[in-house]
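Have a look at the structure below, then the notes.
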Amino acid sequence: MTAHSDFKKLVRARMDRTGENYTTARAALELDRDAARAQHERLVRSHFEDGRFEDGRLLRIPARRRARFAVLLELLSRFTPGRTYTETQVNGILRPAHDDVAYLRRELVDYRLLERDGLGTYWVTTTPPVRDANEAQESGDWEKIWLPEFLGAGAA
């Protein structure tokens, strides 16, 4: 049985869309998931010391938008959904990855992964952002798979 109810919802949505049975729809989504994760890892691995993107330090901030977005997703995973952060706390989470915390913070907000109010309070977005065609090219498939699960984990 599937561990994540969000994944079950994705499987059932695919079943409705394609007419596939549960097992076939699940297998198709898992293959897509594996391919999306592999592509994501290829994008980020070369930008972190020793390829350790879970907790490693950035060698450089990628110039290419797709790779930069993939790096931002890895940095977002260092935050906890449902929790609020001060700007100092956000900087403290980002600084081990790279010294240019202001740039990283702005990028997380600009891509609508982090939200902020006018008082310097930040939080992880509560719903996956709707991407226009240009942003969808940059974000790739891993965001569509991982972000809803990540956000759902904070609500549990």
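The values are calculated or read from the model by the stated rules, or taken from the named source; none is laboratory data. Worth saying up front: this structure is predicted, and the values here are computed from it rather than measured. Here Cβ is always computed from backbone atoms with ideal geometry, including for glycine, and neighbour counts include all displayed protein chains.
Observations
- Checking every residue in the range 18-26 against the condition of being in a helix (DSSP H, G or I), crowded, with 18+ Cβ neighbours inside 10 Å and over 16 Å from the mean Cα position of the chain (by Cα) gives at least one match.
- When the range 89-103 is filtered for residues that are in contact with a helix residue (DSSP H, G or I) (Cβ under 9 Å, 6 or more places away or on another chain) and not polar (S, T, N, Q), the ones remaining, listed by number, are Val90, Gly92, Ile93, Leu94, Arg95, Ala97, His98, Asp100, Val101, Ala102.
- Any pair with Cβ under 6 angstrom, 6 or more apart, that starts in the range 64-81 at a residue that is of a type in the set (Val, Ile, Thr) and ends at one that is not in a helix (DSSP H, G or I): Val71/His47; Val71/Pro62
- Those residues of the range 114-134 which are modelled with pLDDT of 85 or more and out of contact with any strand residue (DSSP E or B) (no Cβ under 7 Å at 6 or more places or on another chain), in sequence order: Asp117, Gly118, Leu119, Thr126, Thr127, Pro128, Pro129, Val130, Arg131, Asp132
- Being under 12 Å from the mean Cα position of the chain (by Cα) and surrounded by 14 or more Cβ atoms within 10 Å (Cβ to Cβ) is a property that Thr125 has.
- Of the residues contained in the range 129-144, one or more are found to be polar (S, T, N, Q) and under 24 Å from Asp34 (Cβ atoms).
- Scanning the range 63-102 for residues that are within 21 Å of Arg37 (Cα to Cα), buried (at least 18 other Cβ atoms within 10 Å of the Cβ) and not hydrophobic (A, V, I, L, M, F, W, C) yields a total of 2.
- Once the range 71-96 is narrowed to residues that are within 16 Å of the chain's Cα centre (by Cα), in a loop (DSSP other than H, G, I, E, B) and not β-branched (Val, Ile, Thr), the residue that is farthest from Trp146 (Cα to Cα) is Gly82.
- Members of the range 134-156 that are part of a helix (DSSP H, G or I), free of Cβ contacts under 8 Å to residues at least 12 places away in the same chain and of a type in the set (Gly, Ala, Ser): Ala136
- Here the condition is being assigned to a helix (DSSP H, G or I) and surrounded by 13 or more Cβ atoms within 10 Å (Cβ to Cβ); of Arg112, Arg105, Arg131, it holds for Arg105 alone.
- Boolean, Val44 is in contact with a Pro (Cβ under 9 Å, 6 or more places away or on another chain) and surrounded by 12 or more Cβ atoms within 10 Å (Cβ to Cβ): yes
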